[in-house]
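The values are calculated or read from the model by the stated rules, or taken from the named source; none is laboratory data. This structure is a prediction, so every number in the text was calculated from the model and none was measured. Glycine gets a Cβ as well: all are built from the backbone with ideal geometry, and neighbour counts include every protein chain shown.
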Amino acid sequence: MKLFFSAALLCLTIILIPTLSPAQDVAVGLDHFPPWKVVENGSFNGIDVEMTKALLAEVGMTPTFIECPWARCLNLMQVGKLQFLSGVLKRPEREKYLLFIEPPYKTKSAKVFYRLKTSQDIKSIDDLHGKIIGVQRNAKYFNEFDNRENLMKEEVNDDKFNFLKLANGRVDTVLSTESQGDYLVSTLGLGHLMTKATYRHDETVPVYFAVSKRSALAGKIDELNAAAKRLKDNGTFDAIIRNYFDLLKSSQ
């Protein structure tokens, strides 16, 4: 009976906790959030993709990228069908099913208002009154803006359409993270039309790689923490970010 129980428990453990393949492939969720994560026609590029490859290579593993909308990526991490995710903010509800790799690979976040070069500058939040502001649906930006009443906010599902609307005069300004905004202005070829307003919001927001607690990768969290610290300390992560934005600027 004891032998039967032990065998049954072993089988249950194997079923509940996914194991890494012999090739050490890691299932990595990826949503489209340029320039950090760029998913186009089945190809995976961007800053997070390069940093994920570097981090996993440091511990002898390789990523297999799987496209999923952000909410679904989190759900798949919760049940262990994905093992690894980038671009994660630490939240109490997420700590129930995720292990966060320390240190965070990014800590600075800037929210920027883009405007046409021919328009009047925006120097304070008061200057937004009477203007149509392009924002992303369900996005949270910063408290002063999110909680301000009587602002005319026009939502879209994809920020790309906000910048196209700004170019066509259908909105007066677009609020976006600076990294994503710069990427879209460049790739859409709108740099000759647009500039950034004086009014902006800079803050410290730690952004992490995370591992599913239901993945076999969870057993390697100490190894991943040490690898992430090495890549942060030796400048590898910063070099990937810097090189990507240098390339972006050169294409403008």
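Within region 121-140, take every residue that is hydrophobic (A, V, I, L, M, F, W, C) and in a loop (DSSP other than H, G, I, E, B) and give me the one that is modelled with the highest pLDDT. Taking the candidates together, the pick is 122. Of the residues that sit in region 158-185 and are over 19 Å from the mean Cα position of the chain (by Cα) and of a type in the set (Gly, Ala, Ser), which one is nearest to residue 129 (Cα to Cα)? The residue in question is 169.
For region 167-174, does any single residue satisfy the condition of being surrounded by 13 or more Cβ atoms within 10 Å (Cβ to Cβ) and touching a residue at least 60 places away in the same chain (Cβ under 8 Å)? Within region 167-174 (the criterion being surrounded by 13 or more Cβ atoms within 10 Å (Cβ to Cβ) and touching a residue at least 60 places away in the same chain (Cβ under 8 Å)), the answer is yes, since at least one residue qualifies. A search for C-beta distances below 6 Å between a residue of region 81-102 that is more than 19 Å from residue 66 (Cα to Cα) and assigned by TED's automatic domain parsing to the domain that holds residue 218 and any residue that is in a loop (DSSP other than H, G, I, E, B) and modelled with pLDDT under 95, counting only pairs 6+ apart in sequence or on different chains, returns 100/90.
Looking only at region 19-65, which residues are of a type in the set (A, V, I, L, M), outside any loop (DSSP other than H, G, I, E, B) and surrounded by fewer than 16 Cβ atoms within 10 Å (Cβ to Cβ)? The answer is 57, and nothing else. The residue pairs whose first member lies in region 54-77 and is closer than 15 Å to residue 210 by Cα, whose second member is among the small types (Gly, Ala, Ser) and exposed (fewer than 15 other Cβ atoms within 10 Å of the Cβ), and whose beta carbons are closer than 6 Å, counting only pairs six or more residues apart or on different chains, do not exist in this structure. Considering every residue within region 204-222, establish whether at least one is of a type in the set (Asp, Glu), surrounded by fewer than 14 Cβ atoms within 10 Å (Cβ to Cβ) and farther than 30 Å from residue 157 by Cβ. Yes; the residues of region 204-222 include at least one that is of a type in the set (Asp, Glu), surrounded by fewer than 14 Cβ atoms within 10 Å (Cβ to Cβ) and farther than 30 Å from residue 157 by Cβ. Any idea which residue in region 80-112 is modelled with the highest pLDDT, counting only those that are of a type in the set (Val, Ile, Thr) and touching a Ser or Thr at 6+ places or on another chain (Cβ under 8 Å)? Out of the qualifying residues, it is 112.
The residues in region 141-157 that are assigned to a loop (DSSP other than H, G, I, E, B) and surrounded by fewer than 12 Cβ atoms within 10 Å (Cβ to Cβ) can be counted, and the count is 4. Among what's in region 105-128 and is polar (S, T, N, Q) and under 28 Å from the mean Cα position of the chain (by Cα), pick the residue that is farthest from residue 227 (Cα to Cα). Only one residue fits best here, namely 124. Of the helices (runs of 4 or more DSSP H) lying entirely inside region 164-252, those carrying at least 2 residues that are within 15 Å of residue 48 (Cα to Cα) and assigned by TED's automatic domain parsing to the domain that holds residue 102 are 221-233, 236-250. Can you find even one residue in region 77-97 that is of a type in the set (A, V, I, L, M), surrounded by 14 or more Cβ atoms within 10 Å (Cβ to Cβ), in contact with a helix residue (DSSP H, G or I) (Cβ under 6 Å, 6 or more places away or on another chain) and in a loop (DSSP other than H, G, I, E, B)? Yes, there is a match, as at least one residue in region 77-97 is of a type in the set (A, V, I, L, M), surrounded by 14 or more Cβ atoms within 10 Å (Cβ to Cβ), in contact with a helix residue (DSSP H, G or I) (Cβ under 6 Å, 6 or more places away or on another chain) and in a loop (DSSP other than H, G, I, E, B). For region 121-136, a residue qualifies if it is surrounded by 19 or more Cβ atoms within 10 Å (Cβ to Cβ) and farther than 16 Å from residue 170 by Cα, and exactly one does: 122. The set of residues in region 237-247 that are surrounded by 13 or more Cβ atoms within 10 Å (Cβ to Cβ) and either without any contact (Cβ under 8 Å) to a residue 60 or more places away in the chain or more than 18 Å from the chain's Cα centre (by Cα) (or both) comprises 238, 239.
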